[in-house]
1. Identify all aspartates and glutamates with a Cα-Cα distance to K196 below 17 Å; exclude those on the same chain that are fewer than 8 residues away in sequence.
2. List the pair-distance distribution P(r) of region 1-132, using every Cα-Cα distance, as the percent of pairs falling in each 10 Å bin from 0 up to the bin containing the longest distance, rounded to whole percents.
3. With springs only between Cα atoms under 10 Å apart, run a GNM on the chain and tell me which of D104, D198, D161 wobbles the most.
4. Only counting other Cβ atoms within 10 Å, I'd like T65, T8, T92 sorted with the fewest neighbours first.
5. Under 5 Å between amide hydrogens, which residues at least 5 positions from L90 or on another chain qualify, with H placed 1.01 Å from N in the peptide plane?
6. Top mean-square fluctuation among A82, A218, A242, Gaussian network model of the chain, C-alpha springs under 10 Å?
7. Set Lys and Arg Cβ to +1 and Asp and Glu Cβ to -1, take the dipole of the chain about its Cα centre, and tell me which of P183, L84, N137 lies farthest positive.
8. Beta carbons within 10 angstrom, averaged per residue: use that to sort the peptides 179-187, 32-40, highest first.
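Values in this text are rule-based calculations from the coordinates and carry no lab data. Treat the numbers as computed from the prediction; the structure is a model and nothing was measured. Here Cβ is always computed from backbone atoms with ideal geometry, including for glycine, and neighbour counts include all displayed protein chains.
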Amino acid sequence: MKKIALVTGATSGIGKATAQILARNGYNLMITGRRKELLEELKEELAIKYNCDVLALHFDIRNRTLVEAAIDRLPAAWKKIAVLVNNAGLATGLAPVQEGVVEDWEQMIDTNIKGLLYITRKVAPLMIEAGSGHIVNITSIAGKEAYENGNVYCATKHAIDALTKGMRIDLLKHRIKVTSVAPGMVNTEFSTVRFKGDKARAGQVYEGFVPLEAGDVAEAVWFAVSRPPHVNINDLLIMPAAQANAVIVHRQTDH
Ligand code: NDP
Ligand code: 8X3
């Protein structure tokens, strides 16, 4: 029987690529996100290409009632979740703290921290019951360094870094592995979302160098997930070759 993986935020970018690589490697998939039609498209693609079972769970991860109901209502066979990839997340806005938009802050905190906690709170007991599991949290270089105007987004990713460490301690005796995968700049919908649909501004973020693709990060997730039972990858920091840290990027126009 195929193992089950649950990937949050699978309608685009890193989550979608992670769902694809897990399906390709023999998992049945649970995929989540707010955009129902994109979930249905991916469900069909995975089922046809990889001959796997796919359950599309359509909810806003900020809504605790919906998250809890989605997991509670799973058929028993789907509750045997071997891998949870906590990927759903976003940055909204890029502004100095004194000019920050409070609604943006709340959206990032509610999605990146509270949403991740809501789903983990429901899935971890199922893994404990099963006697094993693996949770992969998608953090960021922004969870290791703060950068100008990134204040609250960086804080949410630092929080996930701390949560990863705490979860690893709490779940150790239950044989549940906990991994953080922290990418640098990845060309997904991330910057378009950050700049609220301004694709021209988003495009500038990735100009003059080769950023990571979502698939590069998905391969790192797969590397962690596919280690033998006695090995845990605690942290993976994966950067574009042209990016040295959160802010220093060598662009072709640089000398
Ligand atoms: P995308 O914008 O392409 O994907 C984000 C995913 O998160 C979408 O599937 C989106 O689904 C989902 N999501 C966002 N808000 C919610 C919500 N309220 N409820 C449910 N799902 C939600 O960006 P990425 O793939 O780049 O981002 C994935 C993760 O990687 C994020 O946690 C991000 O912080 C992190 N990351 C990204 C980096 C980058 O440079 N791109 C670098 C480092 C980390 P939908 O809109 O359908 O709800
Ligand atoms: C996303 C990467 O550097 O834009 O987490 O914050 S960055």
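1. E99, E103, D104, E106
2. 13, 42, 31, 10, 3, 0
3. Result: D198 has the largest fluctuation of those listed.
4. Details: T65 9, T8 27, T92 18.
By the 10 Å Cβ count, ascending: T65, T92, T8.
5. Amide H neighbours of L90, under 5 Å, 5+ apart: N112.
6. A242
7. In the chain, that residue is L84.
8. So the order, starting with the most tightly packed, is 179-187, 32-40.
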